[in-house]
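Shown next, in structure tokens, is the structure this report addresses.
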Amino acid sequence: ESGKSSILQAIDIVASGNIHRVETIGLDRMINIEAVQEFNASQRTYDNLPKMIIELYLNGEFSYDVNGKNNSDGIICDGIRLVCEPNPDFQNEITESLKDQDDYFPYDYYKIRFSTFANEGYTGYKKKLRSILIDSTNMNS
């Protein structure tokens, strides 16, 4: 119960580049509940909505399109990331929803983007990293 499985799952999700996997798990289960509670307890404005960012810093031989400084540290290195944030195209709708409902959190208005540190988008069809995650809870003796 120290978070090892959560870290492995985060690595697998970012490596997969698969938006459907994120949607299947559900943003309500992925975005930190404390961040949502803090948002609800403070000013409930569009600008205060939390973001979820998962970054994988890579070490090894990778193509040039994973190398850049589009990461939290702002340093040039190899890596890939998942950014989940409110979609600015729906800022007006989000703002209205937040005003109308005190306990509402706009998960449905979040956008998901997989990109490299060079800011090149990627998907499950154009993966930058291969991975496999073995879920031992589904195994029997």
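Restricting segment 40-92 to residues that are part of a helix (DSSP H, G or I), touching a helix residue (DSSP H, G or I) at 6+ places or on another chain (Cβ under 6 Å) and in contact (Cβ under 8 Å) with a residue 40 or more places away in the chain, which is least open to solvent (accessible area, probe 1.4 Å)? Ranking the candidates gives Y46 first.
Of all residues in segment 53-77 being in contact with a strand residue (DSSP E or B) (Cβ under 8 Å, 6 or more places away or on another chain) and β-branched (V, I, T), which is nearest to T123 (Cα to Cα)? My answer is V66. Name every residue in segment 93-120 that is assigned to a strand (DSSP E or B), under 16 Å from G17 (Cα atoms) and either aromatic (F, W, Y) or touching a helix residue (DSSP H, G or I) at 6+ places or on another chain (Cβ under 6 Å) (or both), in order of residue number. I112, F114, T116, listed by residue number. Could you figure out which of (1) out of contact with any Lys or Arg (no Cβ under 9 Å at 6 or more places or on another chain); (2) at pLDDT 90 or above isn't true of I53? So the condition that I53 fails would be (1). In segment 13-31, which residues are assigned to a helix (DSSP H, G or I), closer than 23 Å to G79 by Cα and hydrophobic (A, V, I, L, M, F, W, C)? Within segment 13-31, I13, V14, A15, I19, V22, L27, M30 qualify.
The values are calculated or read from the model by the stated rules, or taken from the named source; none is laboratory data. Note that the structure is predicted; figures quoted are calculated from it, not measured. Positions of Cβ are backbone-derived with ideal geometry, glycine not excepted, and every protein chain shown enters the neighbour counts. Side chains are part of the model used for accessible areas, which takes the heavy atoms of the whole protein and leaves out ligands, DNA and RNA. Shrake-Rupley method; radii C 1.70, N 1.55, O 1.52, S 1.80 Å.
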